[in-house]
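The values are calculated or read from the model by the stated rules, or taken from the named source; none is laboratory data. Values in this document were obtained by computation on a predicted structure and should not be read as measured data. Backbone-built Cβ (ideal geometry, glycine too); neighbour counts: all protein chains shown. Please note that ligands, DNA and RNA were not included when accessible areas were found on the heavy atoms of the full protein model with its side chains. Shrake-Rupley method; radii C 1.70, N 1.55, O 1.52, S 1.80 Å.
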Amino acid sequence: MSQRRRRDLTDDEQHILENGQLQLLTRPEDIARCDELIVQHHYLHSVSLVGEHLRYALVYRRQWLAVATWSSAAFHLKDRDAFIGWDPEQRRRRLGLLANNSRLLVLPDCHWPNLISRFMKLMLAQLSGDWEVRWGHPLALVETFVDPRFYQGTAYKVSGWSHLGRTAGWKRDADDFYQKNDAPKQVWVREVVKKACVKLRAAQLPSAWAKVELSVPPRCNGKVAQIQSLMDWVRAEVPEFRRAEALGYPVAGLTCLSVMAMAQGVARGPQDLAQYADTLSQDQLRALRFRLDADHHVRCPKKTTFTRFLHGVDGDTLERVLLRWQTQLLGPTQDRLVIVDGKKVRHGGVEIVNAVDGAGRFLGSVVTPAKTNEIPAARQLLRPQNLIDKTVIGDALHTQQETAQQILYEQGGDYLLTVKANQKTLQETLQCLFAKQAFSPSADGADLCGQTGAQPRPVGDSSPAMSGSDSGPSRFSGGPAGGPLGDPRAPQGQVVPRGRLLAEQSYS
């Protein structure tokens with residue numbers, strides 16, 4: 001059977017391949033032109049870019065040869081997810097690191113050998129950087145779909161893509177609705193960086209990728225049994241302050257929902273609480289004892305409900321329930337750090353001082369009283385904490401004598417506080433303490449005060465007097481050999497005052 005011979009490139013076509021330029025389309029007129037060409041010449045005759053997206057064109061002397069669009073990746077893709085090896089929660093939080101080549105079109109009269117692979121090579125080399133500039137994060141892996149009724153994916157294969165299998169033949173019709181289209185597509189993927197799959201399924205993402213996870217709203221992953229257990233606590237701790245006729249959302253259920261949200265990092269008010277509530281399943285909402293609507297579905301509270309609830313509930317009670325539930329789930333904290341930091345609530349007009357441990361676990365918070373600052377609030381926050389064998393870390397605002405005394409003498413902890421240049425006296429004192437000094441007794445020990453940064457002290461006394469100690473010259477005894485330390489010329493058993501030893505060395 002004879003095989004079709006591949007046509008050789010002409011000199012003009014070779015010159016175009018070598019000198020064609022990749023152009024990121026950002027101007028409205030270029031974007032409109034790209035979409036028009038796709039609608040006119042692509043076999044799907046539509047442009048549907050979901051979420052984050054970019055458009056490119058391959059240009060030679062102002063002539064467009066090919067265009068392509070990239071958009072957000074598919075939510076659920078069995079073969080792709082198995083190829084990466086991540087779990088469902090990792091996929092939900094890290095899907096933003098993937099992009100989909102949603103359209104790829106070579107314009108009529110430009111179907112020359114190697115043009116499409118050249119176009120793909122240029123895009124893959126630039127895509128992640130352009131994506132980070134436009135959307136604030138890089139890409140790790142790209143995917144695409146190929147309809148086998150029209151193409152075999154040859155352009156992707158020669159560009160280093162991997163064919164994983166076929167889709168199940170479902171078409172996304174809305175945010176959470178899919179239709180069966182009976183037209184399975186080939187699934188192709190390619191790593192943008194080396195070992196992308198290993199990094200995507202790791203316990204922690206690289207620092208450059210971690211921002212993607214931080215931007216994903218938390219989702220309730222509490223089990224129904226856990227929610228019911230928390231509800232039992234809340235109902236015993238939090239009294240109902242509204243009329244029974246208005247209890248479409250009981251205060252215990254709203255408190256439980258708010259506690260779960262705060263435990264997962266939701267801390268910016270009613271709107272974020274409402275978004276978190278939208279992630280709950282019907283079974284989870286039923287465990288919170290919310291009422292049914294006319295269609296026998298459990299209703300989900302909205303922003304206005306949380307606004308009224310937060311104005312009426314007692315904050316100390318809510319925090320107490322949160323800390324108890326956190327301890328039940330995670331056990332007692334084992335971390336030895338207590339980090340204190342103040343934050344202003346945007347558009348809230350208040351400042352809150354929070355305490356967390358080294359792993360980010362919540363330890364408590366205090367609202368800064370009006371007409372004051374976070375210094376006394378931090379002391380109030382630290383007072384109920386167990387600081388024995390723990391270290392408190394704070395910024396320069398908390399470098400206060402009273403705060404240090406409370407941590408050290410009253411609560412048995414240590415502290416690590418920042419000192420800035422505007423705390424001049426304290427900074428100079430610290431510089432003196434850490435200046436290089438001669439170790440006494442030595443030939444230079446008699447004139448410690450003459451050294452730069454050295455602290456003046458009485459001759460013969462190498463340490464400051466402590467309560468209950470003799471204020472006279474210190475004496476050394478009990479040397480390594482069992483005898484006294486001091487003047488080597490002195491008889492054995494005679495204790496020589498250290499002050500006299502220094503004086504003899506100074507004038508010898």
Query raised in the report: If you place +1 on the Cβ of every Lys and Arg, -1 on the Cβ of every Asp and Glu, and leave all else neutral, what size is the dipole of the range 299-338 about its Cα centre, to the nearest 20 Debye?
Result: 300 debye
Report summary line: Projected onto the charge dipole of the range 206-285 (unit charges on the beta-carbon of Lys, Arg, Asp and Glu, signs +1, +1, -1, -1), the Cα from Ala208, Ala261, Leu273 with the largest positive-side position is that of Ala208
Query raised in the report: For the range 310-384, what % of the accessible area comes from carbon and sulfur atoms, probe 1.4 Å?
Result: 54 percent
Report task. Place a +1 charge on the Cβ of each Lys and Arg in the range 62-170 and a -1 charge on the Cβ of each Asp and Glu, then give the dipole magnitude about the Cα centre in debye, rounded to the nearest 20. Result -> 60 debye
Query raised in the report: Just going by the charge dipole of the range 129-172, with Lys and Arg at +1 and Asp and Glu at -1 on Cβ, which of Leu139, Gln152, Ala168 is farthest out on the positive end?
Result: Ala168
Report task. Please list 269-277, 362-370, 425-433 highest first by mean number of surrounding beta-carbon atoms within 10 Å per residue. Result -> 269-277, 362-370, 425-433
Query raised in the report: Order of 198-210, 50-62 by packing, highest average Cβ count within 10 Å first?
Result: 50-62, 198-210
Query - Area accessible to solvent at Val419, 1.4 Å probe radius, in Å² - result: 50 Å²
Query - Average accessible surface area per residue within the range 243-326, 1.4 Å rolling probe, Å² - result: 51 Å²
